[in-house]
Amino acid sequence: MRQAVKMKICFVSFPLEKNLKAQEELIKLYGNCNPEDADFIVALGGDGFILKSLHDYLKINKPIYGMNFGSVGFLMNEFKTENLEKRLKNAQLTKLKPLVMKTISPTGKEVKAIAINEISIRREKYQAAKLQIIVDNEVRMEELVCDGVILSSAAGSTGYNYSASGPIIPLGSNVIALTAVSAYSPRHWKGGLLRDNAKIKIVNNNPSKRPIVAHADHIESKDVISIEIEMSEGLELPLLFDNDHKIEERVYKEMFKSH
């Protein structure tokens, strides 16, 4: 009788005492291996930590299963030590398409980064930013005076984007949310939805007096004069969810919350 092949799991943890203690317990139960040899990576933390893990292990393209130790845990599964191998075997695979950002500084320096959640552009000083918005090489807004703008993927739409009154996007909708943060002119302009194959460019109309900073998730690019954004081609990040707690259902619950 052929012996079942043992599942190879790599456990990673946000460095807090309770997370590390849980990591030790899981390693005793299931063993541990390095990320390159693993069948699955199990990340113990919150949404921020699983986003970091997706970035950290981008090149090896291993499915990541998060267990929640954070305050929100929208991208996480419930923490339980029992039946982990069965949970991993039966988990639903969701492939997230990140956004790609390229910024240009006044000296011509380029910074490239990817964002799984969102790309946020905001004023760097006390004065409001003055931004031009270009979509598919056509100027859609000559000047937006605001604190900033957010370009969000579906996976990130329930976070900073939603807090700024942007729309929640169900996965598979093939759109990107463009959300204004505290728009002054046009007054109360909220933003809109763009096709996920759109080429977006944000230009700083007054970089010398009104500098802006751009963030692709946790990667920062300061004092930029323009930002180009598009959905990645051919890059998909594998994230695992328990079948009884699918991410689509979480999106709808968030969308229709009464408080």
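The values are calculated or read from the model by the stated rules, or taken from the named source; none is laboratory data. These numbers were taken from a predicted model, which means no experiment stands behind them. Methodologically, a virtual Cβ is constructed for each residue, glycine included, from the backbone with ideal geometry; neighbour enumeration extends over all protein chains shown.
Miscellaneous remarks
- Boolean, Y30 is in contact (Cβ under 8 Å) with a residue 60 or more places away in the chain and not assigned by TED's automatic domain parsing to the domain that holds S120: no
- Filtering K130, K102 for residues that are crowded, with 16+ Cβ neighbours inside 10 Å and over 30 Å from E248 (Cα atoms) leaves a single hit, K130.
- Criterion (within 13 Å of the chain's Cα centre (by Cα) and of a type in the set (S, T, Y)) met by exactly one of S173, S105, S182, S157: S157
- Identity of the residue in region 99-113, of a type in the set (G, A, S) and either modelled with pLDDT of 95 or more or in contact with an Asp or Glu (Cβ under 9 Å, 6 or more places away or on another chain) (or both), that ends up nearest to D217 (Cα to Cα): A113
- Tabulated pairs, region 104-119, first closer than 15 Å to K201 by Cα, second assigned to a loop (DSSP other than H, G, I, E, B) and at pLDDT 95 or above, C-beta under 7 angstrom, 6+ apart or interchain: I104/V224; I104/I225; S105/V224; S105/I225
- Pairs where the first residue, in region 200-217, is free of Cβ contacts under 8 Å to residues at least 40 places away in the same chain and the second is of a type outside the set (D, E, K, R), C-beta under 9 Å, 6+ apart: S208/P106
- Some residue of region 230-250 being within 26 Å of L144 (Cβ to Cβ), within 18 Å of the chain's Cα centre (by Cα), of a type in the set (A, V, I, L, M, F, W, C) and surrounded by 15 or more Cβ atoms within 10 Å (Cβ to Cβ): yes
- Looking only at residues in region 1-56 that are small (G, A, S) and in a helix (DSSP H, G or I), the one that is surrounded by the most Cβ atoms within 10 Å (Cβ to Cβ) is S53.
- All of V145, V213, V139, V203 fail the test of being surrounded by fewer than 15 Cβ atoms within 10 Å (Cβ to Cβ), over 30 Å from E249 (Cβ atoms) and of a type in the set (A, V, I, L, M, F, W, C), apart from V139.
- Residue within region 207-222 that is of a type in the set (A, V, I, L, M, F, W, C) and in contact with a helix residue (DSSP H, G or I) (Cβ under 9 Å, 6 or more places away or on another chain) present: yes
- Of the residues making up region 70-99, those that are surrounded by 12 or more Cβ atoms within 10 Å (Cβ to Cβ) and within 18 Å of the chain's Cα centre (by Cα) are G70, V72, G73, F74, L75, M76, N77, T94, L96, K97, P98, L99.
- Residue under evaluation F79, criteria (1) over 22 Å from G172 (Cα atoms); (2) part of a helix (DSSP H, G or I), criterion not met: (2)
- Verdict on K86 being in a strand (DSSP E or B) and basic (K, R): no
- Taking residues in region 86-102 that are under 17 Å from G234 (Cα atoms) and aliphatic (A, V, I, L, M), and partners anywhere that are at pLDDT below 95 and assigned to a helix (DSSP H, G or I), the pairs with Cβ atoms closer than 9 Å and at least 6 places apart or on different chains are L96/L54.
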